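Okay, structure first, notes after.
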Amino acid sequence: MLEQLLIFTRGGLILWTCKELGNALRGSPIDTLIRSCLLEERSGAASYNYDVPGASYTLKWTFHNELGIVFVAVYQKILHLLYVDDLLAMVKREFSEIYDPKRMVYDDFDETFRQLRKEAEARAEEMKKSKQVMAKPVSNMGKKQGQQMQKIGFEGGNKKKSGDGESGKDGEKGDNVKTAYVENGHSNGEIANKGRVNGKENGNNNSNGGAFDVNKLQKLRSKGGKKANVVVNKVSKEEPKKKPVKKNRVWDDKPVDTKLDFTEPMNENGDNGHMVIPQVVEGESMMDKDEYVSSDSESEEDDEADAGKKVDSKKKGWFTSMFQSIAGKANLEKADLEPALKALKDRLMTKNVAEEIAEKLCESVAFSLEGKKLASFTRISSTVQTAMEEALVRILTPKRSIDILRDVHVAKEQRKPYVVVFVGVNGVGKSTNLAKVAYWLQQHDINVMMAACDTFRSGAVEQLRTHARRLQIPIFEKGYEKDPAVVAKEAIQEATRNGSDVVLVDTAGRMQDNEPLMRALSKLIYVNSPDLVLFVGEALVGNDAVDQLSKFNQKLADLSPSPSPRLIDGILLTKFDTIDDKVGAALSMVYISGAPVMFVGCGQSYTDLKKLNVKSIVKTLLK
């Protein structure tokens, strides 16, 4: 049963709703669809499932791009309504004929919708019945063909095995048996078994008929088995050859070898006796420097556009291209957009965007342009590129505030520390970039404390301890093989007592498929309720970015005991200085998680941390 059908503009003005249905929707499926699908350039999908406690809906939609109208149908997820797509198409066609931008009320559309709905339901019922009717003859034809094939094989076997006049009688008997079974409606298996019995009898009557002797096959198998056993025994008797190990050459005047160990003994506090690490003074962090987009990319794009115009004019001819550019195309169709979208998809994939993300983006752009009228003096490729640029800016622009300094001051007024947890896979640079964030916060006169909650990897505590000494920052540690959730909780309590403003929690690197470590991480987040969960990811990854982000979020949701689990709040991209123009990982991660990129690591010193420049990334992706 259809729950609701709405017609509204892209600006959010509701033009018409079906009063006849009048079902009050639980939750807010329409708002969720707009927020998480239409605005996030996922409109190319066929449908959207909305699940909340007590309600489960499926939403389907279509656009009238020229008029800027959206048509949405809502129905129960458990139902599979076959007529929804046809109904939306008919409603779109009929409503577009009476639409007037100055008109706000369309009460006269109720009767039209009632007729369209009846027509769509009747058509769906007819299609359902026709499918059932078509399925029966096909199945019967399949049975008849199978029976005919078995009959042919049955007769052929009798002809081969017969050498005298008796074979004809056997064949006639076989035919009679066959027709009898078919008339009685017995299964094909029974007919096949009967054929085997007749074949066996004929084989016994005539030894030269070519029948295969099963006894011979068994004898051959037994012989082969014995040979195989002999070979195995021979191999087992031979001793495996030991790999020769190269020995070190010993010279006459060489002293006795001693194990080289330059590790200095540690005192009770874990400090080297005379080792003093000076405080780092590296200048202003790049987070506080404004970055401007150079005009090089723009000039290159203009050059490419000019080159494209020359190629197009050569292909089409002077008069055709001139007429189309002046008059404009009536309405853009999917076939017109496909060449430009394919080229755009290939370009995005060369920039390290995951294939799945690039395909979905192109589908969404095609969906938003289909049916629009091409303006005069514009080409399809430039129209597609402009639409893709707008879509990328929308995706990469944060949907909420990412001003951490403001959030820290708000938490400080509430007399509690601001807690940031760094998570991610192995070897992406969580500890190093945690130190960069600590250095940036220090420059803004914020008291920072580190919490060494990576109790799994050897050397992780010592690594963080080194960063803490260089930055002159207190560190809370409990060693190894401890519960990281408990260590983080005690660190937050210590920060509250000491008056620290921010606690930066370092966690162990873990692959997204490692369930024990993911369970421990979910517990840490659930117990301590951090203010920010930062996913640290490499800018080098391509398709794996989708797998990492989606599985991290999925595991955090599945393994958390809370009914509303905490997921990833932001992304820190590392090794951004090593990728040249392959910046697609940023787009893939933001698209799949919906979390903004809050920091970008671009070097090995503490100052090499900056904000993501959305315009620069978009221009690089489309360059």
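Would you confirm whether any residue within region 42-50 is over 14 Å from Phe8 (Cβ atoms), touching a strand residue (DSSP E or B) at 6+ places or on another chain (Cβ under 9 Å) and modelled with pLDDT of 85 or more? No: zero hits. In region 580-588, the condition of being open to solvent by less than 20 Å² (accessible area, probe 1.4 Å) and in contact with a strand residue (DSSP E or B) (Cβ under 6 Å, 6 or more places away or on another chain) is met by at least one residue. Looking across Lys615, Lys575, Lys611, one residue alone is charged (D, E, K, R), within 28 Å of Val384 (Cβ to Cβ) and open to solvent by 50 Å² or more (accessible area, probe 1.4 Å). It is Lys615. Here Arg400 clears all of (1) open to solvent by 50 Å² or more (accessible area, probe 1.4 Å); (2) over 30 Å from Thr578 (Cα atoms) except the condition numbered (2). Residues in region 493-523 that are in contact with a Pro (Cβ under 8 Å, 6 or more places away or on another chain) and assigned to a loop (DSSP other than H, G, I, E, B) were compared, and the one that is surrounded by the most Cβ atoms within 10 Å (Cβ to Cβ) is Thr507. For Lys373, the conditions (1) outside the structural domain of Val614 (by the TED database); (2) under 31 Å from the mean Cα position of the chain (by Cα) all hold with the exception of (2). Assessment of region 16-24 against the conditions (open to solvent by less than 30 Å² (accessible area, probe 1.4 Å), in contact (Cβ under 8 Å) with a residue 40 or more places away in the chain and touching a strand residue (DSSP E or B) at 6+ places or on another chain (Cβ under 9 Å)) yields at least one matching residue. Only residues that are free of Cβ contacts under 8 Å to residues at least 40 places away in the same chain and crowded, with 18+ Cβ neighbours inside 10 Å were counted in region 50-61, giving 5.
Selection of region 71-104 for residues being without any contact (Cβ under 8 Å) to a residue 40 or more places away in the chain and open to solvent by 70 Å² or more (accessible area, probe 1.4 Å) yields Lys77, Ile78, His80, Asp85, Arg93, Glu97, Pro101, Lys102, Arg103.
Mind checking whether some residue in region 418-438 is over 26 Å from Leu556 (Cβ atoms) and either among the basic types (Lys, Arg) or buried (at least 22 other Cβ atoms within 10 Å of the Cβ) (or both)? No, region 418-438 contains no residue that is over 26 Å from Leu556 (Cβ atoms) and either among the basic types (Lys, Arg) or buried (at least 22 other Cβ atoms within 10 Å of the Cβ) (or both). Criterion applied to Arg379, Arg415, Arg394, Arg406 was being farther than 22 Å from Asn447 by Cα and open to solvent by 70 Å² or more (accessible area, probe 1.4 Å), and the one residue passing it is Arg394. Of all the listed residues (Ile34, Ile14, Ile78, Ile7), the sole one being over 19 Å from Ala120 (Cβ atoms) and more than 29 Å from the chain's Cα centre (by Cα) is Ile14.
When you check Val487 against the structure, is it touching a strand residue (DSSP E or B) at 6+ places or on another chain (Cβ under 6 Å) and under 15 Å from Val421 (Cα atoms), yes or no? No.
Residue check: is Glu490 free of Cβ contacts under 8 Å to residues at least 24 places away in the same chain and either charged (D, E, K, R) or open to solvent by less than 10 Å² (accessible area, probe 1.4 Å) (or both)?
Yes: the conditions hold for Glu490.
The values are calculated or read from the model by the stated rules, or taken from the named source; none is laboratory data. Quick caveat, the model's predicted, so the values are computed rather than measured. Positions of Cβ are generated from backbone atoms using ideal geometry, with glycine treated the same way; all protein chains shown enter the neighbour counts. Protein only, heavy atoms only, side chains kept; ligands, DNA and RNA dropped before computing areas. Shrake-Rupley method; radii C 1.70, N 1.55, O 1.52, S 1.80 Å.
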